[in-house]
């Protein structure tokens with residue numbers, strides 16, 4: 001792996017690693033966060049498409065790309081709600097684990113991954129380790145009834161949100177569209193869902209006129225940067241899909257640690273050690289699931 005490929009491959013570490021923390025720092029409600037983030041993503045994608053001279057896809061390529069983006073926006077709205085319950089430093093490892101599980105199970109049952117009994121045993125053991133790692137990241141020394149209630153609600157929400165993230169990754173597979181060509185219509189699908197969600201909340205607040213919504217555009221730039229660098233990293237002449245995916249998953253470490261230190265989502269020394277071990281388990285098991293032949 002050359003240095004340029006490595007740097008590109010670590011783009012998602014910065015983008016997806018800082019996205020939840022920046023979105024939380026700017027604040028606002030989920031409707032503000034999703035509106036600003038998707039507008040920022042659309043601006044980034046539109047500029048990229050213009051520079052590359054790309055036109056919008058047509059037909060089913062366009063439809064599935066829009067569905068993909070809409071799925072992400074749905075999942076992210078749910079994730080922002082989970083942030084409000086337990087904080088991004090706890091929600092990110094959980095949603096990462098669920099996304100890894102969802103992607104792996106889809107690959108096994110729909111795409112025929114992990115052929116053979118041995119590969120399936122290794123793969124499903126790795127998935128179990130991912131769940132154990134995610135559980136470790138939310139462990140607390142002292143039992144608090146309100147935290148337990150919020151954690152249960154957040155886990156349920158993140159499970160529901162996984163439906164959207166699954167659509168984000170699975171929908172483009174229904175066509176032969178390339179990742180970069182799908183980038184702009186995905187962003188359009190994201191904005192459509194965000195606008196509909198904002199309109200649904202119009203009786204309670206007008207996200208279109210609140211300044212925090214427009215500040216969240218910055219967080220959208222970070223998400224879009226991560227998404228684009230991942231698409232580039234996953235190309236065969238760069239890192240390839242497997243290595244690119246593993247490199248992108250390192251973002252959960254940065255997202256968790258920046259949430260702890262910059263958002264003051266405090267942990268005791270013992271909780272921090274357990275959290276770091278849990279993150280290592282998630283990354284190690286994710287690596288195993290990707291490289292099973």
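Going by a ≥ b ≥ c, the root eigenvalues of the Cα gyration tensor, does region 18-140 fall in the rounded group (a/c under 1.5), the prolate group (a/b larger than b/c) or the oblate group?
Values: a/c = 2.75, a/b = 1.19, b/c = 2.31.
Judged from the Cα gyration tensor, region 18-140 comes out oblate (a/c at least 1.5, b/c at or above a/b).
What ranking, highest mean first, results for peptides 203-216, 157-170, 84-97 when packing means the other Cβ atoms within 10 Å averaged over each residue?
Numbers: 203-216: 15.9, 157-170: 19.9, 84-97: 25.3.
Taking the mean over residues of other Cβ atoms within 10 Å, the ranking is 84-97, 157-170, 203-216.
What Rg and what Dmax come out for region 232-279 when only alpha-carbon atoms are used, in angstroms?
14.6, 44
For q = 0.10, 0.17 Å⁻¹, what log10 I(q)/I(0) does region 130-253 give under the Debye formula with an equal point scatterer on each alpha carbon and no solvent?
Results for region 130-253 at q = 0.10, 0.17 Å⁻¹ read -0.49, -1.20.
Short version: what are the Cα gyration tensor semi-axes of region 83-124, square root of 5 times each eigenvalue, largest first, in whole Å? All intermediate terms of the calculation are to be shown ahead of the outcome.
Working: eigenvalues 170, 20, 5 Å².
Values for region 83-124, descending: 29, 10, 5 Å.
Give the dimensionless ratio obtained when the Cα radius of gyration of region 1-61 is divided by 2.2 N^0.38 Å.
On the way: Rg = 15.4 Å, N = 61, 2.2 N^0.38 = 10.5 Å.
Cα-based Rg divided by the globular estimate yields 1.47.
Sorted from largest to smallest, which semi-axis lengths in Å does the alpha carbon gyration tensor of region 45-105 give for its equivalent ellipsoid, taking the root of 5 times each eigenvalue? Don't jump to the answer; show the numbers that get you there.
Working: eigenvalues 178, 45, 24 Å².
Equivalent ellipsoid semi-axes, largest first: 30, 15, 11 Å.
Please report, to two decimal places, log10 I(q)/I(0) for region 125-166 at q = 0.30 Å⁻¹ as given by the Debye formula with identical point scatterers on the Cα atoms and no solvent.
Debye output, listed in q order: -1.05.
To two decimal places, what compactness ratio does region 184-286 give when its Cα radius of gyration is scaled by 2.2 N^0.38 Å? Mind dumping the intermediate values first?
Values: Rg = 18.0 Å, N = 103, 2.2 N^0.38 = 12.8 Å.
Against the compact-globule rule of thumb, the ratio is 1.41.
If each residue of separation counts as 0.36 nm, what is the full-extension length gain between residue 140 and residue 153 once their alpha-carbon separation is subtracted?
Details: separation 13, 0.36 × 13 = 4.68 nm, distance 1.65 nm.
Result: 3.0 nm gained on full extension.
Hey, what's the Kirkwood Rh for the chain if you take every pair of different alpha carbons, in angstrom? Working shown, then result.
Values: mean 1/r = 0.0517 Å⁻¹.
Computed over the chain, the radius equals 19.3 Å.
Taking 35 Å as R0, compute the FRET efficiency from the Cβ-Cβ separation of residue 261 and residue 109 and round it to 0.05.
Numbers: r = 39 Å, r/R0 = 1.12.
That gives a FRET efficiency of 0.35.
Would you kindly state how much longer the chain becomes between residue 174 and residue 84 on full extension, computed as 0.36 nm times their sequence separation minus their alpha carbon distance, in nm to one decimal? Walk me through the numbers on the way to the answer.
Details: separation 90, 0.36 × 90 = 32.40 nm, distance 3.41 nm.
Additional length available on full extension: 29.0 nm.
Laboratory data are not the source of any read-out in this text; all were calculated from the coordinates shown. Worth saying up front: this structure is predicted, and the values here are computed from it rather than measured. No Cβ is skipped: glycine too gets one built from the backbone with ideal geometry, and neighbour counts run over all protein chains shown.
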